[in-house]
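Since the structure comes first, as structure tokens, the remarks are kept for the end.
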Amino acid sequence: MPHHRLALCKEDFLSWFERYTERTIKEFRMFSKEDKVLVAVSGGKDSLALWYVLRKLGYRADGFYLHLGIGEYSERSKEKVEKFANSLGAKVIIKDLKEELVGIPELEKVTSRSACSVCGMLKRYNFNKVAKEHGYTVVVTGHNLDDEASSLLANVVNWNTKYLGRKYPVLEEEEGFVRKAKPFCKFTEKETALYALLRGIDFIEEECPYSEDATSIFFKEILNRIEEKFPGTKMKFYLEYLRKVYPKFRERKEGKVQPCKVCGEPSPAEVCPVCKLKERIGGVKIIKDGA
Ligand code: Q46
Ligand code: ZN
């Protein structure tokens, strides 16, 4: 690990990884042992490894899996999550998108948005809602340094300043939003993959079928090319942003938020985008049924 100036054997790497996670949690004051932590798990290496490490460190961490209705991929990832929860002896909450709406493939067809953009919106909405319904004080996700640095780059390229004020490893609880944290934000993708492999975590290796189109992959590749030429850039790009740029944009609050008059979740308008989507899908269904 040249960017840490470390070369470790298997056992030392595993304990270094766990201590470093604890250090990151404390550095950004993400949560404490008193918190009830909900880990958003997808069945992939990052989220399952995060769940494992948090429980090993003594945090009260349960899992939440949102079934996205993406064919076999969703079925297989759900099985991995259930098996993993059993092996941990931990609780996992499972919610199926189809119970309230339809799956991502159907949603992609009826909206003008990409599958990933609708999916991201529904994940954020459900993580927040489910956490509050079950009394969790913080939602954590397995985002790693590659995820954070690549989305930062994509937003810098577009000078999306709104985003720059919201991008931080911990977002405090506010107006209907629970606290959110990313304890793996300082690990590269290689490091989390290595941890999951060395711990023998049985994660889903196949990618979501939509991920090939994801813009984030393009920006990750660009960052990896820069990293090859200038080692340490990825970490520096992200950490220096947190230190120098984020404080300048942090004050800029997003537009006013109000409780959605249908579901009560925080919303930029009277009715939140998810309820609008439900209304629309309902309409589509009625037309189809009547046809
Ligand atoms: S699950 Fe959802 Fe990802 Fe699949 S549809 Fe896109 S956002 S790629 S992390
Ligand atoms: Zn709503």
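Here is a list: 22, 99. Which entry is in a helix (DSSP H, G or I) and touching a Leu at 6+ places or on another chain (Cβ under 7 Å)? First the steps, then the outcome.
Values: 99 fails: touching a Leu at 6+ places or on another chain (Cβ under 7 Å).
Only one candidate qualifies: 22.
Can residue 240 be described as part of a helix (DSSP H, G or I) and among the acidic types (Asp, Glu)? Outline the logic, then answer.
Values: part of a helix (DSSP H, G or I): yes; among the acidic types (Asp, Glu): yes.
Yes, satisfied.
Please specify each residue of the stretch 53-92 satisfying the condition of being touching a Lys or Arg at 6+ places or on another chain (Cβ under 8 Å) and in a loop (DSSP other than H, G, I, E, B). I'd like the intermediate steps shown before the answer.
Restricting attention to the stretch 53-92, the residues satisfying the condition of being touching a Lys or Arg at 6+ places or on another chain (Cβ under 8 Å) are 58-67, 69, 85, 88, 90.
Within the stretch 53-92, 58, 59, 69, 90 qualify.
Sort through 106, 173 and tell me the only one that's open to solvent by 60 Å² or more (accessible area, probe 1.4 Å), in contact with a strand residue (DSSP E or B) (Cβ under 8 Å, 6 or more places away or on another chain) and either of a type in the set (Lys, Arg) or more than 24 Å from residue 228 (Cα to Cα) (or both). If you could, list the steps in order and put the result at the bottom.
Numbers: 106 fails: in contact with a strand residue (DSSP E or B) (Cβ under 8 Å, 6 or more places away or on another chain).
Only one candidate passes the filter, namely 173.
Residues of the stretch 216-240 being under 25 Å from residue 48 (Cβ atoms) and either open to solvent by 80 Å² or more (accessible area, probe 1.4 Å) or not assigned by TED's automatic domain parsing to the domain that holds residue 151 (or both), which ones?
The one that is under 25 Å from residue 48 (Cβ atoms) and either open to solvent by 80 Å² or more (accessible area, probe 1.4 Å) or not assigned by TED's automatic domain parsing to the domain that holds residue 151 (or both): 221.
Scan the stretch 83-100 and give yes if some residue there is touching a Gly at 6+ places or on another chain (Cβ under 7 Å), surrounded by 22 or more Cβ atoms within 10 Å (Cβ to Cβ) and of a type in the set (A, V, I, L, M, F, W, C), otherwise no.
No - not one qualifying residue is present in the stretch 83-100.
Considering only the stretch 46-79, state which residues are in contact (Cβ under 8 Å) with a residue 40 or more places away in the chain, within 22 Å of residue 97 (Cα to Cα), open to solvent by 10 Å² or more (accessible area, probe 1.4 Å) and more than 12 Å from ligand 1 (Cβ to nearest atom).
Passing the criteria: 62, 76.
Sort out which residues of the stretch 89-145 are modelled with pLDDT of 95 or more, in contact with a His (Cβ under 8 Å, 6 or more places away or on another chain) and more than 16 Å from ligand 2 (Cβ to nearest atom), and write them in order of number.
Answer for the stretch 89-145, where residues must be modelled with pLDDT of 95 or more, in contact with a His (Cβ under 8 Å, 6 or more places away or on another chain) and more than 16 Å from ligand 2 (Cβ to nearest atom): 93, 94, 96.
Find the residue count for the stretch 106-161, including only residues that are within 15 Å of ligand 1 (Cβ to nearest atom) and assigned to a loop (DSSP other than H, G, I, E, B).
7
Look at residue 32 and say whether it is open to solvent by 40 Å² or more (accessible area, probe 1.4 Å) and within 19 Å of residue 179 (Cβ to Cβ). Spell out how you get there, then give the answer.
Working: open to solvent by 40 Å² or more (accessible area, probe 1.4 Å): yes; within 19 Å of residue 179 (Cβ to Cβ): yes.
Judged against the criteria, residue 32 is a match.
Output the residues belonging to the stretch 183-210 that are away from ligand 1 (no atom under 16 Å from the Cβ) and among the polar types (S, T, N, Q).
Selection gives 188 alone.
Taking only the stretch 147-170 into account, find how many residues are open to solvent by 20 Å² or more (accessible area, probe 1.4 Å) and not small (Gly, Ala, Ser).
13
The values are calculated or read from the model by the stated rules, or taken from the named source; none is laboratory data. Note that the coordinates shown come from a computational prediction; the quantities given were computed from them, not determined experimentally. Because the Cβ atoms are built from the backbone with ideal geometry, glycine has one as well, and the counts that use them run over all protein chains shown. For the accessible areas, the whole protein counts, side chains as well, though only heavy atoms, and no ligand, DNA or RNA atoms are used. Shrake-Rupley method; radii C 1.70, N 1.55, O 1.52, S 1.80 Å.
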